[in-house]
Amino acid sequence: MQMARHAVALLMARETPLYVKLILGCGLLYILSPYDLIPEWVPVIGVLDDLALAALLISWADRFHLSPGE
């Protein structure tokens, strides 16, 4: 849940560049879509690929988010 809140905060922040918001948003939409490179019915790996992608996208986008004091 905290990861989802952080993603929303990055998407809503004015300091986050537009292209980062677009890539993050598209990646998160891919995670929610029913189409996957590794289907969900594959044990363990089907879910882990989505979680890993979400974590990577959010950590990548976090590097571009600058707080107002920086």
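Rule-based calculations on the coordinates, nothing more; no lab input. Bear in mind that the values here come from a model prediction, so they are computed numbers and not experimental data. All Cβ positions, glycine included, derive from the backbone under ideal geometry; neighbour counts span all protein chains shown.
Values as computed for the structure displayed
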read-out	value
Percentage relative contact order, segment 2-64, counting C-alpha pairs under 8 Å, at least six apart	45 percent
Among I23, L57, L11 the positive-end extreme of the charge dipole of the chain (Cβ point charges)	L11
Check: segment 2-64 dipole with +1 on Lys, Arg Cβ and -1 on Asp, Glu Cβ, in debye	320 debye
Whole-number Å³ per residue for the convex hull built on Cα positions in the chain	84 Å³
Net charge of Cβ neighbours under 12 Å - reference Y30; Lys, Arg +1; Asp, Glu -1	-3
For L48, net neighbour charge (Lys/Arg +1, Asp/Glu -1) across residues whose Cβ lies under 14 Å away	-4
